[in-house]
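The values are calculated or read from the model by the stated rules, or taken from the named source; none is laboratory data. Remember, it's a predicted structure, so these values are computed and weren't measured experimentally. Don't worry about glycine lacking a Cβ; one is built from the backbone with ideal geometry, like all the others, and counts go over all protein chains shown.
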Amino acid sequence: MQDKEKLIVFDTTLRDGEQSPGASMTCDEKVRIAKALEKLQVDVIEAGFPVASQGDFDAVTSVAKTVKDSVVCGLARALDKDIDRASEALKHANASRIHTFIATSPIHMKMKLRMEPDQVVEQAIHSVKRARNYTDNVEFSPEDAGRSDLDFLCQIIEKVIDAGASTINIPDTVGYNVPIQFGHLLKNLIERIPNADKAIFSVHCHNDLGLAVANSLSAVMNGARQVECTINGLGERAGNAALEEVVMAVKTRNDIFPCYTELDTTQIVQCSRLVSGITGFPVQPNKAIVGANAFAHESGIHQDGVLKNRETYEIMRAEDVGWSANRMVLGKHSGRNAFKTRLHELGVTITSEEDLNAAFTRFKDLADKKHEIFDEDLQALVTDSRLAADNECVKLISMKVCSETGETPKAKVVLWVNEKGENEAVCLGSGPVDAAFKAIEEIVKSGAKLLLYSVSNITKGTDSQGDVSVRLERDGKIVNGNGSDTDIVIASAKAYINALNKMVVQADKKHPQGSNV
């Protein structure tokens, strides 16, 4: 590695990833993911957009207080109030970075900012200087750089480097570029800007054409030494460059990439599952690196080859990304210490004895239903438990569902609702889940529209917990709900109620216009 440069991995799952419709995370969930990213040894964690809402500010503050080994970053538009707010949220960080941005493409400057190019340059310089008052680690992004004029990019980047920006991020904000073009852009910028050697060049690619990873890697081959990415490729619209794909491409093809990363790649799968479980965005089976089929072989020819020599059809070891790591399997005879120890190993900290007792009781209830409890079950159990604790506006008391051949399914649901106490409803439906949802709506009368209903198994076997994701929309606000149980219908009801609680309890989080760097 001595003849290679380090590639800085900048994870924006907690910021850009959260901007996926319905992927909003609680403060506690953000901290859990941040701790997992720290364990993965991510260099920079973009924890959020502090000015966007009080919830985002609190989450960035909590992550800054918790994370010690990674740089914690806050996003800010090129506005004084944004930068000051980011600095306030980051003041407890062991190492911090302020990431400020302003749009530079003709269409963004004219139609969104309604500013002249000279005004944009002046604002960018002012903002970088203001951020430098708080930290030496300042990143600047010319938003929509992929559609910006090259000469103008050179001009504004040279000036912000002079103003003190130490990282220059080139975003393909709308996923418009193709690899050869984007790589050429990075090469041109680095060669043409006189003070380019005073900053690290970074890229932030969106996946609208399915090219986010390819564009990012092309940029790396042309001088970029930071890549901004997310776990599972989570992000607005079609998502961002997937961290796991970028990192494993660089590691697997170290013969051609002039750089290396310092990530502990054995933590990738665990991180992927945690993010998927919290956001309710399942990972497709054929997803590279972290999909269930990524290292599976069904073809007889492939199986024969792998049995003779793994490298005939596998370019990576499953163990290297965390697929075959040894893990403790818990069961109904496991004690509190084993349970608490495994939670700690998974990055879950339970501080009070009362919370530990409650979690252990839920664990025992689950162990009575299924023989073996895997890490995925524990993650789902903790997520489910904390969702229930955080959102008590609507709570499932009991449910009875009748489904019989030749008969219309019927559900009887009893809910506890704030200010109303216990309420009961009985409804018919086209299926047991449909009947249950109709009964819940009969009580709550939310008026929400169901956009998505998805079921997946958490582990293998017929005794596996079902993991249900529900997406609801009302008045333009989209929320995701999650629920897990060995009974799919109960898991579905939990997910629907979780989504309703998010819709009722959580304040609207409105990211300021132009937050999609």
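Worth a mention:
- Within the stretch 53-68, considering residues that are assigned to a helix (DSSP H, G or I) and hydrophobic (A, V, I, L, M, F, W, C), the one surrounded by the fewest Cβ atoms within 10 Å (Cβ to Cβ): 57
- Reported count of residues in the stretch 209-236, each being assigned to a loop (DSSP other than H, G, I, E, B) and within 21 Å of residue 291 (Cβ to Cβ), is 5.
- Residue list for the stretch 83-93, filter: touching a strand residue (DSSP E or B) at 6+ places or on another chain (Cβ under 8 Å) and either in contact (Cβ under 8 Å) with a residue 40 or more places away in the chain or within 24 Å of residue 9 (Cβ to Cβ) (or both): 83, 86, 87, 89, 90, 93
- Across the stretch 388-417, the qualifying residues are those that are under 31 Å from the mean Cα position of the chain (by Cα) and part of a loop (DSSP other than H, G, I, E, B), and the one among them that is surrounded by the most Cβ atoms within 10 Å (Cβ to Cβ) is 391.
- When residues of the stretch 442-494 are limited to those that are at pLDDT below 85 and polar (S, T, N, Q), the one farthest from residue 273 (Cα to Cα): 462
- Subset tally (residues that are outside any loop (DSSP other than H, G, I, E, B) and surrounded by fewer than 24 Cβ atoms within 10 Å (Cβ to Cβ)) for the stretch 117-145: 12
- Of note, residue 57 does not satisfy the criterion of being modelled with pLDDT of 95 or more, among the aromatic types (Phe, Trp, Tyr) and closer than 19 Å to residue 138 by Cβ.
- Flag if residue 129 is in contact with a Gly (Cβ under 8 Å, 6 or more places away or on another chain) and modelled with pLDDT under 95: no
- The sole residue among 443, 478 that is part of a helix (DSSP H, G or I) and farther than 19 Å from residue 285 by Cβ is 443.
The rows are residues; the columns are (1) farther than 17 Å from residue 137 by Cβ; (2) in the same structural domain as residue 241 (by TED's automatic domain parsing); (3) buried (at least 23 other Cβ atoms within 10 Å of the Cβ).
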{"site": "16", "(1), (2), (3)": "yes, yes, yes"}
{"site": "19", "(1), (2), (3)": "yes, yes, no"}
{"site": "24", "(1), (2), (3)": "yes, yes, no"}
{"site": "31", "(1), (2), (3)": "yes, yes, no"}
{"site": "40", "(1), (2), (3)": "yes, yes, yes"}
{"site": "51", "(1), (2), (3)": "yes, yes, yes"}
{"site": "72", "(1), (2), (3)": "no, yes, yes"}
{"site": "79", "(1), (2), (3)": "yes, yes, no"}
{"site": "84", "(1), (2), (3)": "no, yes, no"}
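- Filtering 401, 382, 414, 394 for residues that are aliphatic (A, V, I, L, M), modelled with pLDDT under 95 and farther than 30 Å from residue 335 by Cβ leaves a single hit, 394.
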